[in-house]
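Report on the structure given below.
The values are calculated or read from the model by the stated rules, or taken from the named source; none is laboratory data. On a predicted model such as this, the values are computed, not experimentally measured, just so you know. Every residue, glycine as well, gets a Cβ built from its backbone with ideal geometry; the counts of neighbours run over all protein chains shown. Accessible surface areas use protein heavy atoms only, side chains included; no ligands, DNA or RNA. Shrake-Rupley method; radii C 1.70, N 1.55, O 1.52, S 1.80 Å.
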Protein chains: 2
Amino acid sequence: MAKITFQPSGKSIDVELGTELLRAASQAGIEIETPCGGEGTCGKCIGKIISGKVDSDSSGYLSNEDIAEGFVLTCRTKTLDTPLTIEFSENLGSEGGQFGNSDEDISLVRKELFPKEKEFEPLAKKIFLNVPEPKTNDGLSDIDRLKKAIQNELGKNEIVFPLQVIRSVADTLRSHDRKITLTYVKDSNRYIIINVEPGDTTTYLFGIAVDVGTTTISVQLISQHDGKAIATATDYNSQVKCGLDVISRINYAKRPERLQELRNLVLESINKLIFKLCDKKQIKNSDISDAVVSGNTTMAHLLLGLNPEYIRLEPYTPTLLKTPYLVASEVGININPNSLIYFSPAVGSYVGGDITAGILCTDLASDTQNIHLFIDIGTNGEIVVGNSEFLLACACSAGPAFEGGGIDCGMRAATGAIEKVDIDSETGTPKYQTIGNVKPKGICGTGMISLLANLLLTGWIDHAGKFNRAKTSPSIKIAGKYGYYIITGASESGTGKPIQISELDIDNIIRAKAAIYSACSLMLKHIGITFNEITTIYIAGGFGRFIDLKLAATIGLVPELPIEKFKYIGNSSLIGSYMVCISQAYKEKQNVIANRVTYFDLSNEPGYMDQYTAALFLPHTDLDLFPSVKSENST
Amino acid sequence: MAKITFQPSGKSIDVELGTELLRAASQAGIEIETPCGGEGTCGKCIGKIISGKVDSDSSGYLSNEDIAEGFVLTCRTKTLDTPLTIEFSENLGSEGGQFGNSDEDISLVRKELFPKEKEFEPLAKKIFLNVPEPKTNDGLSDIDRLKKAIQNELGKNEIVFPLQVIRSVADTLRSHDRKITLTYVKDSNRYIIINVEPGDTTTYLFGIAVDVGTTTISVQLISQHDGKAIATATDYNSQVKCGLDVISRINYAKRPERLQELRNLVLESINKLIFKLCDKKQIKNSDISDAVVSGNTTMAHLLLGLNPEYIRLEPYTPTLLKTPYLVASEVGININPNSLIYFSPAVGSYVGGDITAGILCTDLASDTQNIHLFIDIGTNGEIVVGNSEFLLACACSAGPAFEGGGIDCGMRAATGAIEKVDIDSETGTPKYQTIGNVKPKGICGTGMISLLANLLLTGWIDHAGKFNRAKTSPSIKIAGKYGYYIITGASESGTGKPIQISELDIDNIIRAKAAIYSACSLMLKHIGITFNEITTIYIAGGFGRFIDLKLAATIGLVPELPIEKFKYIGNSSLIGSYMVCISQAYKEKQNVIANRVTYFDLSNEPGYMDQYTAALFLPHTDLDLFPSVKSENST
């Protein structure tokens, strides 16, 4: 016997001495087109020997140079008595794909918060099995023999076969001499079989983490063989056309066909991203065997087609907080149809699974000494304060401004977004920077913060966010009641239209930041502490890789505190989902967090409107809260 | 509070004193159209008070005579402090339907073999629940509160909610003051929720038993409230156009799209019958909450879309023998989509679930003293011999002749089928009788047996099944090589064409009966007993309510034995399925039977072809086996 490992898939198989490599590849479940029927004339089966020796006669097709470099026609090559590694080029299709270590999205979170090696345990696992041969009158069906083989390896638990798996068993067993790879999930005392594949594909296993935001959706592809995040894709939630925030979506969903429409839209968005990732990494979506989905409670309801109406009606009771495992085909997420989808547990109608995922990216739940604050800036702003003894959460409707929603030239943090704007204090003209250094297409959340803060610091806008009509700048246009700041004209713009921010846009941004800041202050007031007593302020949100927190404090989005107290952790809903996807211990942690969080209802709190109204200024009506802006002003 | 019972559905509900009956009906989940909006002017909500007193003012619409008879406008009538029974006419739609005690199909089996009251236990059960009210910040979702209510009633087991049920929970809880009826299944330690309905519908629960034959399909509707079979419908399996027997179907299924076609065809047949039964009994198919399906191993594979190829290839290994519970929506059977479908367990590739169901209708598995024989005459003939100590089964391919298949004027035992033909010995002319006493449309299995036996006894055909060409009869036509027996000309026929049997048809019938008889003899020979040592011969098959076993012995389909030894038990696959559908104890019994049966492979038995060839005569080449035919001959 000789072991053959196929790259780049990493699949391996033990074969008899003298086995043709093309046949071995097929036994390992690697499909290679051979239009010539294995006659050595089409060259489609060419591979490169990376290590090991073979008995090959590829001279009829390959040049001596190619042969010297290790290339062989696998249909003309047989194994010798040595382990062998052979590599196929990527364009072989579904088997290809070199996975880079593209963990840029998760690098924003301290690595020590991540699951350690001993905690690495995906929900869906793979096992290679050798199923015994059927015998006449043994009274055993294929499923019976497969069951026995599984129970021999994994123990005597109940085994659940979905019908789709049952359908594939007979042919799969017979195509590779009863050598198969099983994908399974252990749930309570049962093994649920997700997939049965021919040959040994144990190193080839994928999962996805999904963040379903009100405005944007992100999907991260994870190699569940080693727990590495290998690619991420983000796009708008197609539901935005049916309403910008959760309340308008809930209203839209009142008619059953519209609820169905919202469900279809979000599924379409998710599935497009999955398709994109699979295409990029050259894997089949059916190779994805599990998924963790996190979203606010309304998003989770809409995705599942649940009537969200009662989320917004007293006493604010959702259908589900902890969602059971659901089958992918039933949910409508296009991965292996038998996979189980896990939804991050929610705390209440306004504190969802995105927040229990997000807390995993912080020290909030574990610190026995210090109190930390977690602010997730999304269309809904959620704030959690606590430590190992208490966790208190509240939510406020910030609106989608920081994600680019409701802002004329707004866009999310993607290539072409203006993420930084400096203002010449004399002329009021801008110097901007775009993500990817391409022509600007719009302005993202960090760009808006930068623009507003610098306009304020240079005196081109006042504390109410209105342009200083006493001065003139070529970049400022006053048209009727409203002023506009033109960042770039049509000629320089990537869209062919000027990119500008109006006073109405600025109002939107101020309302968003006021909602978040006042919610934070009120919650701290409620528990009787000040911002100074907070050890870390974790800022989460879809700001990309960058948010200037000093400027965020300048406009009053966050309190003014020493910069080292802030920690920007990016899309913590996605990163927390990633952690849960690669670790069942972290799934357990997240559940403990969900049970521990207490919901603090802002709307019932006296003084809420006062606090909010007071925050509707840049940075705030009470400048003592923002001493550096105050001193800047007095100069 | 007053209890109101609504007929004919039997639903009931407790309501406050003074509740309007129309509103109470709606709370109980009974939909009544009220085009006038409950203004007392359209008359659509009329009901009849069967017992109890009401406070009614229906005088504006109803006559005094109507009112004296108990009719009321339910929108103008309120409850008083007494229990009330009110009846709506059947044309109210889904709620209607008087269930007769139509157990004609099950009357062929001795009642003492049926589940007793203590053994009556359907898989899916109903329970009425009062779910607690949600409270602000109780941290409980609708599903959480529902779970608690279920666990209070049923115990602390895990509860599984399918997504479709989760979707309906919020509105159902809120439509009837959190009074609901739950349909559930207990599987191992889990409760699987099938349905959540508003109000109390506990007496309204249905199941189906399904016999999937190679040629015909029967579905029986069962009221799972009392375990009564309330209607049966039978039709051809639409797959017949793709091949008459299992081998030809397996061959047809070799291409995946054809396997899918066969699956669609059988599902179409089953679902049409379900629709017919629901329409007849005025119930919704979603009110059917479980199903037991029995069929031979190939039929079960095709219905589930499993590749049947390996059933006919050595070593004859099917994908499944014992099928796990499968969800109705996944299988494609149109009952409540969350219902669990149970497939009767098979013994081997050629002894299927129809036989383990059939044995339940006999004493075979339980008799500690006597040996019994069970012959299921279908397209495949299956024979089981045994008692409480052993059960041996074999199968032979009889072909569909006795079900009307492969016979020019053949049809199944339905209205219009000739079921009896007497022959005038002088003239050779027939006197026939049809099912339902209507014009004949064809000839069924019992009719063929009657015709052939009487033609043989009167000397119009010989032992080889050929017409006596020495005599002439107005009913016999010789055309070229073949003779024809004309039972009726075109004018008397219900189809406008003559109804006749050719010598080729007779050959088919002889091959069918020879296959069955020789299989029986060979199996008895194998275990070393004779027909005389058998206590009962159970004959099963789709012969309708009647088979003349004396005439069946005359043609050699069954051995010649005292008539009291025979017991015709009809479609035992369907009746056994009915038993399993109403009793989990019988499901257990059937599983024990499946484990006990040993398969006897006829094709490996020396002498099989000799036995078969010897039986290709009427009744047999060895007339000593059929002494009464022999003596008839010698007279």
- Note on the structure: The answer for the range A:492-635, accessible area per residue at 1.4 Å probe in Å², is 39 Å²
- Query: Roughly how big is the B-A contact, given as buried accessible area in Å² (both sides, 1.4 Å probe, nearest 100)?
  - Reply: 3300 Å²
- Prolate/oblate/rounded call for the range B:137-211, Cα gyration tensor, a/c under 1.5 rounded: oblate
- Please state the charge dipole magnitude for the protein assembly as shown, taken about the Cα centre, from unit charges on C-beta atoms (+1 on K and R, -1 on D and E), reported in debye and rounded to the nearest 20. 780 debye
- Taking only Cα atoms, what is the 0 to 90° angle, nearest 10, from helix B:256-281's long axis to the longest principal axis of chain B? 60 degrees
- Note on the structure: Rounded to the nearest 5, the percent of antiparallel DSSP beta bridges in chain B equals 65 percent
- Query: In degrees, nearest 10, range 0 to 90: what is the angle between the Cα axis of helix B:572-582 and the longest Cα principal axis of chain B?
  - Reply: 20 degrees
- Task: Beta carbons within 10 angstrom, averaged per residue: use that to sort the peptides B:477-490, A:262-275, B:528-541, highest first.
- Result: A:262-275, B:528-541, B:477-490
- Across the range A:104-174, how many lysine pairs separated by 8 or more positions, or lying on different chains, have Cα atoms within less than 19 Å? 12
- Per-residue HN-Hα couplings for the range A:626-634, Karplus 6.51 cos²θ - 1.76 cosθ + 1.60 at θ = phi - 60°, whole Hz, x for Gly and Pro? 10, x, 6, 5, 4, 5, 4, 4, 6
- Value of [θ]222 nm, deg cm²/dmol, for chain A, DSSP H segments ≥ 4, -39500 (n - 2.57) each, nearest 500: -8000 deg cm²/dmol
- Note on the structure: Partner shielding of B:300-310, as the mean number of partner chain Cβ atoms within 10 Å, equals 3
- 3J(HN,Hα) from dihedral phi, the range A:12-19, Karplus parametrisation 6.51/-1.76/1.60, rounded to Hz, x for glycine, proline: 9, 7, 9, 10, 5, 4, x, 6
- Item | Linear extension gain, B:Arg469 paired with B:Arg190, 0.36 nm per residue minus alpha-carbon span | 93.3 nm
- Task: Taking each label point as 7 Å beyond Cα in the direction of the beta carbon, state the distances from A:Gly489 to the same residue in the other copies, shortest first, in nm.
- Result: 10.4
- Message: Using the Cα centre of the protein assembly as shown as origin and beta-carbon charges of +1 (Lys, Arg) and -1 (Asp, Glu), tell me which of A:Phe543, B:Val351, B:Gly199 is placed farthest towards the positive end of the dipole.
- Response: A:Phe543
- Task: Report, by chain and number, residues whose modeled amide H sits under 5 Å from the one on A:Ile529, excluding near sequence neighbours (fewer than 5 apart, same chain).
- Result: none
- For chain B, the accessible surface attributable to carbon and sulfur atoms (probe 1.4 angstrom, ligands and nucleic acids excluded) amounts in percent to 49 percent
- Query: Pulled fully out, how much extra length does the chain show between B:Gln433 and B:Ser175, if you take 0.36 nm times their separation in residues and subtract their Cα-Cα distance?
  - Reply: 87.2 nm
- Take peptide A:505-514, look around each residue's Cβ out to 10 angstrom, count Cβ atoms belonging to other protein chains, and average those counts. 0
- Message: List, shortest first and in nm to one decimal, how far the label point of B:Thr429 (7 Å from Cα along Cα→Cβ) is from its counterparts in the other copies.
- Response: 11.9
- Lys pairs, the range B:300-450 - Cα-Cα below 27 angstrom, 8 or more residues apart or on other chains: 5
- Protection-proxy order for peptides A:165-178, B:549-562, each taking the mean of Cβ atoms within 10 Å per residue, highest first: B:549-562, A:165-178
- Counting only C-alpha contacts under 8 Å and six or more residues apart, can you give the relative contact order of chain A as a whole percent? 12 percent
- Message: Suppose we compare each residue of the range A:311-351 in its chain alone and in the full protein complex with a 1.4 Å probe; which ones drop by at least 50 Å² of accessible area?
- Response: A:Pro315, A:Thr317, A:Thr319, A:Leu321, A:Glu330
- Within 10 Å of each Cβ in B:129-137, the average number of Cβ atoms from other chains: 3
- Message: With +1 assigned to the C-beta of every Lys and Arg and -1 to the C-beta of every Asp and Glu, and no other charges, what is the dipole magnitude of chain A about the Cα centre in debye, to the nearest 20?
- Response: 760 debye
- Task: Sort the range B:430-585 into rounded, prolate or oblate with this rule: let a ≥ b ≥ c be the square roots of the eigenvalues of the Cα gyration tensor; rounded if a/c is under 1.5, and if a/c is not under 1.5, prolate when a/b is larger than b/c, oblate otherwise.
- Result: oblate
- For B:Glu330 and B:Asn64, FRET efficiency with R0 = 51 Å and r from the beta-carbon atoms, rounded to 0.05? 0.35
- Query: How far is helix A:503-527 tilted off the main Cα axis of chain A, in degrees rounded to 10, range 0 to 90?
  - Reply: 90 degrees
- If you put a point 7 Å past Cα along the Cβ direction, how far is that point for A:Asn137 from the same point in each other copy, in nm, smallest first? 7.4
- Query: How would you rank A:21-28, B:502-509, A:600-607, highest first, on the average number of other Cβ atoms within 10 Å across their residues?
  - Reply: A:21-28, B:502-509, A:600-607
